[in-house]
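Input: a single structure, listed below in structure tokens.
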Amino acid sequence: MSKKSKSSPSHVIGIDIGGTGTKGGIVDLAKGKLVGERVRFDTPSPATPEKVADTVEQIIAELSGRPECPGPEVPVGAAFPAIIQHGVARSAANIDKSWIDTDVDALFTERLARLVQVINDADAAGLAEARYGAGQDVDGTVLVITLGTGIGSAFIHDGRLIPNAELGHLELDGHDAETQASAVARERLGLSWSEYSTRLQRYLSHVEFLFSPELFVVGGGISKRSEEFLPALTLRTRIVPAQLKNHAGIVGAALQASRSK
Ligand code: BGC
């Protein structure tokens, strides 16, 4: 690898692989913002490793045509909805089960012929919020909770990420919490905003009791409608919507990759 990848690149590609869409963009790391438009493809179904790798390849091909795109010596970051340890997926709650034990770093790195660093999707969002968004300059524990197909969580302490927290799988009243309080659970169960707030209240008070955070940051697509449910919550912890919205995963994945050695 050339020397260039060891210095801090200013622009890095970030990819965010989700249950329904796979998105990518070029991130300006000085600002924590996308340069140019985001590229989005449907996540293939079934979302097997080889098929998702095809989609990621397509995204890179599209971004590579832009003048601001970093060269192949700059690592790419990818956010993925599973436990990721040393680049290997260790769970697959909302993605094809064939990912379990797949070395995601190795699969994408080989396919793209450039270094790819994978990170849990909520961890990516958490890093982005801690560095550029709602969690900036907050000391102590910040919990970033993403409400989407599942519930993702990032545990940040004094600005540092403690990876793979998986607080969406806390068992609550005999259920896996994400099956009761994710954004998709709200739709599946046909809950009104007020009913949904009651579920979030139950979930977040439990998380608050366990970790006493300084701040909750609520992310995921539903955070765009946070005024529908945040005001109804009574917690002793300050709770705010995420600031990076749909781009948090892309930005956080790029940030993580820029720190790779
Ligand atoms: C997964 C997490 C992921 C979250 C959000 C959960 O079901 O276990 O790893 O971060 O969904 O995608």
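The values are calculated or read from the model by the stated rules, or taken from the named source; none is laboratory data. As the structure is a prediction and not an experimental result, all values here were calculated from the model. Every residue, glycine as well, gets a Cβ built from its backbone with ideal geometry; the counts of neighbours run over all protein chains shown. Protein only, heavy atoms only, side chains kept; ligands, DNA and RNA dropped before computing areas. Shrake-Rupley method; radii C 1.70, N 1.55, O 1.52, S 1.80 Å.
Miscellaneous remarks
- Residue count for the range 233-246 under the criterion of being open to solvent by 60 Å² or more (accessible area, probe 1.4 Å) and either among the aromatic types (F, W, Y) or modelled with pLDDT of 95 or more (or both): the result is 4.
- The lone exception for A92 - which of (1) among the hydrophobic types (A, V, I, L, M, F, W, C); (2) touching a residue at least 24 places away in the same chain (Cβ under 8 Å); (3) open to solvent by less than 20 Å² (accessible area, probe 1.4 Å) it fails: (2)
- The range 159-184 residues that are within 17 Å of E195 (Cα to Cα), paired with ones that are near the ligand (Cβ under 10 Å from one of its atoms) and open to solvent by 40 Å² or more (accessible area, probe 1.4 Å) (beta carbon under 6 Å, 6 or more apart): V184/T149
- Matching entry among S98, S64 (being polar (S, T, N, Q) and in contact with a helix residue (DSSP H, G or I) (Cβ under 9 Å, 6 or more places away or on another chain)): S98
- Within the span defined as the range 149-160, one or more residues are closer than 19 Å to S212 by Cα, more than 11 Å from the ligand (Cβ to nearest atom) and touching an Asp or Glu at 6+ places or on another chain (Cβ under 6 Å).
- Sole exception among (1) more than 16 Å from V116 (Cα to Cα); (2) surrounded by fewer than 20 Cβ atoms within 10 Å (Cβ to Cβ); (3) in contact (Cβ under 8 Å) with a residue 24 or more places away in the chain for G87, by number: (1)
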